[in-house]
1. Is there a residue in the stretch 163-172 that is more than 18 Å from the chain's Cα centre (by Cα), in a helix (DSSP H, G or I) and within 15 Å of ligand 1 (Cβ to nearest atom)?
2. Which one of 285, 210, 289, 293 is farther than 23 Å from residue 23 by Cα and at pLDDT 95 or above?
3. Taking the residues in the stretch 126-143 that are free of Cβ contacts under 8 Å to residues at least 40 places away in the same chain and more than 15 Å from ligand 2 (Cβ to nearest atom) as candidates, determine which candidate is farthest from residue 54 (Cα to Cα).
4. Which of (1) surrounded by 15 or more Cβ atoms within 10 Å (Cβ to Cβ); (2) within 16 Å of ligand 2 (Cβ to nearest atom); (3) of a type in the set (S, T, N, Q) is the odd one out, the single condition residue 173 does not satisfy?
5. Being over 23 Å from residue 110 (Cβ atoms) and polar (S, T, N, Q) narrows it down to one of 52, 20, 39, so name that one.
6. Could you grab the pairs with beta carbons closer than 6 Å, sequence gap of 6+ or different chains, first residue in the stretch 82-98 and closer than 14 Å to residue 293 by Cα, second one β-branched (Val, Ile, Thr) and in a loop (DSSP other than H, G, I, E, B)?
7. Select from the stretch 144-166 the residues that are within 12 Å of ligand 2 (Cβ to nearest atom), of a type outside the set (D, E, K, R) and crowded, with 20+ Cβ neighbours inside 10 Å and list them in ascending order.
8. List every residue pair whose Cβ atoms sit under 7 Å apart, with the two residues 6 or more apart in sequence or on different chains, where the first one lies in the stretch 144-168 and is without any contact (Cβ under 8 Å) to a residue 60 or more places away in the chain and the second, anywhere, is away from ligand 1 (no atom under 15 Å from the Cβ).
Amino acid sequence: MYRKMVEIRKFEEHVWDVYTRGWMPGLAHLYIGEEAVATGACSALRDDDYITSTHRGHGHCLAKGARLEPMMAEIMGKEAGYCRGKGGSMHIADMSVGNLGANGIVGGGFGIATGAALSAKTRGTDQVAVCFFGDGAANQGIFMETANMASVWNLPVIYLCENNQYGEHTPFQAVTGVDEIADRAHGFGMEGTRVDGSDALAVHDVVRHAVERAREGGGPTLVEALTYRFRGHHVGDAAPYRTKEELEWWMSNRDPIELLGREMRRRRIATQAQLDEVQTETETAVVAAVEFARQAPYPEPEQAFEDVYSE
Ligand SMILES: Cc1ncc(C[n+]2csc(CCOP(=O)(O)OP(=O)(O)O)c2C)c(N)n1
Ligand SMILES: [Mg+2]
């Protein structure tokens, strides 16, 4: 889990670099600061379990098993990418590991994850689906419809709200009628839990519990992971709507990589030197992925209408 979180952090730092150099088209919404949520949750899943992701999806993809090279190639619009360069940062999908796709539509994953859970139940498998979504997406109407449906049909789905406390430039308290999004679970007739989203082990435990219940036919769960994004909404956003003190507090007290590293040293699972080694190895791998993606060709113009749903 430590290695995975470092991989996500370094990947995102390089996406920042790739974006600012003008090597990628579109926007980049970075997951820096939120690594424990995807890592903790996906480490409780099997390869054949499903996830749906968001516009801030690189961390979910990597945590569910995506490889660095095709990820970076997709972000740069290259043919070697997961969607042959046509999806970009916000539409990375990898069916081979159950990733049903990132989504540029806020709340776009609710129907897909709920449908995947219905499919698993109908086919009689014990697969589960995890739907990642933000605090902003928690106020989309489709959440109410799908969560109610999942409750009535007892579907194996976990709605995992990443409450990073802002939807674009708006604090979640300004647009949300409850203090804790997890409280909404009671209105749907399902279990709801809030968890420390900076603590990968805590996220893992809560999601594992929800997954076990879902596999045994116990139905859906709403999990709210309280977290914070260390960067702006997207790379070009300097985030003037929040205070420097608030950002600094989260960065110095709730950095998920620091917290897990400290816990590993405390339990004598790893030394600082071993953790440093993970950082170095991961940096090398991400640099190689950037280089791979830079060298890779763009799709040919004749391929424009291949692998797309409408022409
Ligand atoms: C249906 C829809 N409405 C609006 C947008 C524009 N938009 C993109 S990200 C975003 C904020 C989402 O906030 P949240 O769900 O909290 O996710 P976060 O960015 O904090 O991870 C908005 C409003 C969109 N992409 N889709
Ligand atoms: Mg948010």
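The values are calculated or read from the model by the stated rules, or taken from the named source; none is laboratory data. Bear in mind the structure is a predicted one, so any value in this text is a computation, not a measurement. With ideal geometry, Cβ positions are generated from the backbone for all residues, glycine too; neighbour counts draw on all protein chains shown.
1. Residues of the stretch 163-172 more than 18 Å from the chain's Cα centre (by Cα): 169-172.
Restricting the remaining residues to those that are in a helix (DSSP H, G or I) gives 172.
Then drop every residue that is not within 15 Å of ligand 1 (Cβ to nearest atom), which leaves 172.
Yes, that holds for at least one residue.
2. On the way: 285 fails: farther than 23 Å from residue 23 by Cα; 289 fails: farther than 23 Å from residue 23 by Cα; 293 fails: farther than 23 Å from residue 23 by Cα.
210 is the lone residue from the list that is farther than 23 Å from residue 23 by Cα and at pLDDT 95 or above.
3. 141
4. It is condition (1) that residue 173 fails.
5. Going through 52, 20, 39 in turn, the sole match is 20.
6. Qualifying pairs under 6 Å: 82/92.
7. Step one: of the stretch 144-166, the residues within 12 Å of ligand 2 (Cβ to nearest atom) are 161-166.
Remaining after also requiring of a type outside the set (D, E, K, R): 161, 163-166.
Matches in the stretch 144-166: 161, 163, 164, 166.
8. Here the result reads 146/114; 148/188; 149/114; 153/118, each pair linking the stretch 144-168 to a residue that is away from ligand 1 (no atom under 15 Å from the Cβ).
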